[in-house]
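**Q** Would you mind keeping the following structure in view while I ask a few things?
The values are calculated or read from the model by the stated rules, or taken from the named source; none is laboratory data. Quantities reported herein were computed from a predicted structural model and do not represent experimental measurements. Note: ideal-geometry Cβ built from the backbone for every residue, glycine included; neighbour counts use all protein chains shown.
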Amino acid sequence: MFLAGEASGDALAAELVRELQTQLAAQGGGFGPRFFGAGGPQMAAVGVELAVDLTTHSVIGLLEALKNYPKFKRLFDQLLDLAFARQPDVIVCVDFSGFNRRFAHAVRQRLARHQNDFHNWRPRIVQYVSPQVWASRADRAVALARDFDLLLCLFPFERDWYAVRTPDFPVEFVGHPMLDRYAAAGLTPAAAAGANDAPEVLLLPGSRVGELHRHLPPMLEAARLIAEVERVSLRMVLPTDALAELARPLAAAVPGLRVQVGGLAEALRAATVALASTGTVTMECAYFGVPTVAFYKTSWSTFQIGRRIIQVDYLAMPNLLAGEAVFPEFIQDEATALNLADAVVELLRLPEQRAAVRRKLATVIASLGGPGATRRAAAAVLRLLGKPE
């Protein structure tokens, strides 16, 4: 059983399913694996039987989650019942940490209450991608160790962080699947680094509806200001048609701005500078050596809570891995159109600064362990299944 709730998690899950199919086929014998659960179109494309497309229900922020609580509770209960009806050997929770953490705990609780009703069924439960508990909720490491049998993490510092706090919790650093994705397509950081000649500004507002509502106004106004002082090509990339349809009417107010669906890798290879939300896309900017201005805006209530509990200095992962602001960050009230435009224009006008950023990004990417993350993740899941209880 796979559970993924966002576009990025849908992609990660689909890649892991495909690799599990490959490794199990190589082992031979018995029936082929069956995959079911909740996710999105990429999981469906590799043969996962979807009970729910969770990628269409993604929200961000405390207020948004509370508003949608009845819907998520209904989906949660539906999937929990499905797990107990189908009794999978392993439940793989992919990212989507708030939902998935509660799901794993609910499975454990129901099994404990009805221990004899399910013929000793005890699924192995895996979390693929560590929640960012190291940023704000260190105490949740103990809860993760209680409810999950294995944690697969993408960044090397995460394994060491858990080892200090929960030394008996199986945590494996598998690396970042992004490296597999682009290496398989022949797209390497070195190849991309030399492509930053054309003055193109790439706009990456996010992958959720709530992000677009908050990010598009300052981003589009910044794009307009940039175009007033620099001769640039402007391009926006969004992951789905639905998000593009939402963005196009607003983007029409910025002369010459192209909005496209997909093709992020090709767009990054052509970009001189990116203006991006602080989400996972900043790692892709880092991979392709694109100097980036990162920003993030959320609801007032979510920001007020976040500022009190977040214990890291940066939100963009490349900055966390580098230990410095390789990408300028503008959060909440600082994410004004003028601030964003000024930072982008500075990078456009200073080629030596862009070159310095690319050198630092190459070091960040080198720390991720090289291609093979999805293969290592699949092997870890199969090893877990092979262990006696």
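**Q** Looking at the range 158-189, which of its residues are more than 19 Å from Gly9 (Cα to Cα) and in contact with a Gly (Cβ under 9 Å, 6 or more places away or on another chain)?
**A** Result: Ala183, Pro189.
**Q** Does Gly263 qualify as being at pLDDT below 95 and buried (at least 16 other Cβ atoms within 10 Å of the Cβ)? Outline the logic, then answer.
**A** Values: at pLDDT below 95: yes; buried (at least 16 other Cβ atoms within 10 Å of the Cβ): no.
So Gly263 fails the test.
**Q** Further question: Inside the range 227-248, can you point out the residues that are of a type in the set (S, T, N, Q) and within 19 Å of Glu200 (Cα to Cα)?
**A** Ser233
**Q** If you don't mind, another one. Name the residue, out of Val357, Val344, Val381, that is outside the structural domain of Leu225 (by TED's automatic domain parsing) and under 26 Å from the mean Cα position of the chain (by Cα).
**A** Every option except Val381 fails the conditions.
**Q** Would it be correct to say that Leu225 is more than 22 Å from Gly5 (Cβ to Cβ) and in contact with a Cys (Cβ under 9 Å, 6 or more places away or on another chain)?
**A** Working: more than 22 Å from Gly5 (Cβ to Cβ): yes; in contact with a Cys (Cβ under 9 Å, 6 or more places away or on another chain): no.
Judged against the criteria, Leu225 is not a match.
**Q** Right, another one. Can you name the residue in the range 235-248 that is in a helix (DSSP H, G or I) and not hydrophobic (A, V, I, L, M, F, W, C) and is also surrounded by the fewest Cβ atoms within 10 Å (Cβ to Cβ) among such residues?
**A** Checked the range 235-248; the qualifying residue surrounded by the fewest Cβ atoms within 10 Å (Cβ to Cβ) is Asp241.
**Q** Restricted to the range 266-278, and to residues that are of a type outside the set (Lys, Arg) and in a helix (DSSP H, G or I), which residue is surrounded by the fewest Cβ atoms within 10 Å (Cβ to Cβ)? Give the steps one after another, and end with the answer.
**A** Narrowing the range 266-278 to residues of a type outside the set (Lys, Arg): 266-268, 270-278.
Cutting the leftovers down to in a helix (DSSP H, G or I) gives us 266-268, 270.
On the way: Glu266: 15, Ala267: 21, Leu268: 26, Ala270: 19.
Ranking the qualifying residues of the range 266-278, first place goes to Glu266.
**Q** Applying the selection to the range 203-234, what residues are among the charged types (D, E, K, R) and either crowded, with 21+ Cβ neighbours inside 10 Å or in a helix (DSSP H, G or I) (or both)?
**A** First, the residues of the range 203-234 that are among the charged types (D, E, K, R): 208, 211, 214, 221, 224, 228, 230-231.
Once the filter is applied, which keeps residues that are among the charged types (D, E, K, R) and either crowded, with 21+ Cβ neighbours inside 10 Å or in a helix (DSSP H, G or I) (or both), the range 203-234 yields Arg208, Glu211, Arg214, Glu221, Arg224, Glu228.
**Q** Inspect the range 121-139 for any residue being more than 25 Å from Ala106 (Cα to Cα) and either of a type in the set (Lys, Arg) or without any contact (Cβ under 8 Å) to a residue 12 or more places away in the chain (or both) and give the result as yes or no.
**A** No, there is no match, as no residue in the range 121-139 is more than 25 Å from Ala106 (Cα to Cα) and either of a type in the set (Lys, Arg) or without any contact (Cβ under 8 Å) to a residue 12 or more places away in the chain (or both).
**Q** While we're on this one: I'd like the residue in the range 132-191 that is of a type in the set (Lys, Arg) and part of a helix (DSSP H, G or I) and, out of all such residues, is surrounded by the fewest Cβ atoms within 10 Å (Cβ to Cβ).
**A** Among residues in the range 132-191 that are of a type in the set (Lys, Arg) and part of a helix (DSSP H, G or I), the one surrounded by the fewest Cβ atoms within 10 Å (Cβ to Cβ) is Arg146.
**Q** Return only the number of the condition from (1) free of Cβ contacts under 8 Å to residues at least 40 places away in the same chain; (2) surrounded by 22 or more Cβ atoms within 10 Å (Cβ to Cβ) that Lys360 does not satisfy.
**A** (2)
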